[in-house]
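The values are calculated or read from the model by the stated rules, or taken from the named source; none is laboratory data. Quick caveat, the model's predicted, so the values are computed rather than measured. All Cβ positions, glycine included, derive from the backbone under ideal geometry; neighbour counts span all protein chains shown. When the accessible area is computed, the model is the full protein with side chains, heavy atoms only, and any ligands, DNA or RNA have been set aside. Shrake-Rupley method; radii C 1.70, N 1.55, O 1.52, S 1.80 Å.
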Amino acid sequence: MHELSLTRDILRVALQHANGQTIRSIRLHVGTLTNIEISALRFCFDACAAGTLAEGATLHIDTIPARAQCLGCEQILSLPSFAALCPCEKKARLRILSGDELLIKEMETEPCA
Amino acid sequence: MCVTCGCGNTNNTTLSNQNGQSIPLHTHTHEHPHTHTHEHPHSHEHPHSHEHPHSHEHSHTHEHPHSHEHSHTHEHPHSHEHSHTHEHSHTHEHSHERTHEHTHSHEHPNENTDEHPPKASKAAVTEVLDLHLLEQRVLDKNDRIAERNRGFFAGRGVFALNLMSSPGAGKTCLLERTLREIGAPCAVIEGDQATSLDAEAIRATGTPAIQVNTGKGCHLEAEMIWAALPQLPLQDKTLLFIENVGNLVCPSLFDLGEHKRIVLMSVTEGENKPLKYPHIFRSADLVLLTKIDLLPYLDYDLPRALDAIHTIQPDAAILQVSARSGDGMAAWYDWLRQQKA
């Protein structure tokens, strides 16, 4: 359940920037290579946000697909799962282009009156 | 739970020092009052809800749906910014400066205006929310503490190793024999959910050891290492072994500030472990195949296991060892002696 630690970090960052305003939504970018269980993250978020300015806030999660480029044949492939080597003849290394993101992109707060 | 620091009921991590005395990990309780005081004044803002009539002006303009398209286009360009996320300090600073205030109409009012004539849409309040662009890595705090740990190690000439595996792969047994035979100054941080059994086993070898009990936590984090470091006598050229919580999933995400990552895989576990738990094997500098004295009694396909490791992490060194028989231990000691911070 490393999602619990991550949720605390997400909330800590969001509340730091909220300046006491009520948080209505938080948008995350989660790459498919990050080993994050989205449903666990949502579960932890609802539990951890209770009683804070983020209570009831919507958690938008954009899943970022994994793409990699072969250092041998230079083709770009989408990765269904982890692979270090290209399936091409050269069996060269793959350089990850996307899919390892774990970002708090933005959030919406109610404005100060 | 305190959302400022993440500590609280559910995070009951404790340290036991060398004498077995329990030490609380979190000491920054001074942060607590701040969040509470900030929240209260805003509850007085309710009277402002009388300003709702202003929303009537908005509802007359039928151009709201267009603003939706604008907000979507803002999100797409973000994919170009991925490369920036690798720069630790930059992402943090940007988040403060780029706090733009976007007027942002919500989806809900539009749904209502479809159903009701504009004049009757008192409920169709166009909400104006502040949009904060944060662009912050979730693991930023852990990674910054890990960087601090690395600086601490550099200052002391300590070489730190993060040992990870499933429970029962033989981390503690390997360490016990290593500490008796390596002939170099060593120290150990033991991570387990509960008990000080492993730290006691390590201390029996004459090596200083600190136990970190993570409670419900499934992995060690950089802050736990930072808290444990002052409890250990660390001299120049000390090898610091950090035995992570037995778990092939969670520890891989959390940088502790270590110089090298070692993943253990015992021959009783099956050859496909690297393929089934690729994240942790992907991060390994060294894979130790343990309990090889048992190979004569198992139908273990050694080439397949080595191939599985290579498929996930072609750069990892692989050593085959048995802490029981001593097979392969000399090569492991050689590998340790070759490491430099």
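What to note about this one:
- Taken over the range A:6-17, the criterion of being more than 7 Å from chain B (Cβ to nearest Cβ) and either of a type in the set (D, E, K, R) or surrounded by 22 or more Cβ atoms within 10 Å (Cβ to Cβ) (or both) is satisfied by A:Thr7, A:Ala14.
- Given (1) at the interface with chain B (Cβ under 9 Å from one of its Cβ atoms); (2) more than 12 Å from the chain's Cα centre (by Cα); (3) within 21 Å of B:Leu133 (Cβ to Cβ); (4) of a type in the set (A, V, I, L, M, F, W, C), number of the condition A:Leu28 does not satisfy: (2)
- Candidate set: the range A:81-96, residues that are within 11 Å of chain B (Cβ to nearest Cβ) and in contact with a Cys (Cβ under 7 Å, 6 or more places away or on another chain); chosen: the one nearest to A:Ala66 (Cα to Cα): A:Leu94
- Complete set of residues in the range A:66-79 that are open to solvent by 40 Å² or more (accessible area, probe 1.4 Å), part of a loop (DSSP other than H, G, I, E, B) and within 12 Å of chain B (Cβ to nearest Cβ): A:Leu71
- Residue among A:Glu108, A:Glu101, A:Glu3, A:Glu37 that alone is closer than 21 Å to B:Pro278 by Cα, among the acidic types (Asp, Glu) and at the interface with another protein chain (Cβ under 8 Å from one of its Cβ atoms): A:Glu101
- Among the residues of this structure, A:Ala54 counts as one that is under 18 Å from B:Val128 (Cα atoms) and aliphatic (A, V, I, L, M).
- Taking the range B:245-341 and the helices (runs of 4 or more DSSP H) fully enclosed by it, the elements with 3 or more residues that are open to solvent by 20 Å² or more (accessible area, probe 1.4 Å) and over 30 Å from A:Ser5 (Cα atoms) are at B:302-312, B:329-338.
- In the set (1) open to solvent by 60 Å² or more (accessible area, probe 1.4 Å); (2) more than 8 Å from chain B (Cβ to nearest Cβ); (3) farther than 30 Å from B:Lys273 by Cβ, A:Thr63 fails one condition alone, (3).
- For the range A:26-41, filtering for residues that are surrounded by fewer than 19 Cβ atoms within 10 Å (Cβ to Cβ) and not in a loop (DSSP other than H, G, I, E, B) leaves 3.
- In the range B:167-195, the residues that are open to solvent by 30 Å² or more (accessible area, probe 1.4 Å) and among the small types (Gly, Ala, Ser): B:Gly168, B:Gly183, B:Ala184, B:Ala194
- Selection of the range A:80-96 for residues being among the aliphatic types (A, V, I, L, M) and either in contact with a helix residue (DSSP H, G or I) (Cβ under 6 Å, 6 or more places away or on another chain) or part of a loop (DSSP other than H, G, I, E, B) (or both) yields A:Ala83, A:Ala84, A:Ala92.
- Residue count for the range B:245-288 under the criterion of being in contact with a helix residue (DSSP H, G or I) (Cβ under 7 Å, 6 or more places away or on another chain), within 25 Å of B:Gly157 (Cβ to Cβ) and within 12 Å of chain A (Cβ to nearest Cβ): the result is 2.
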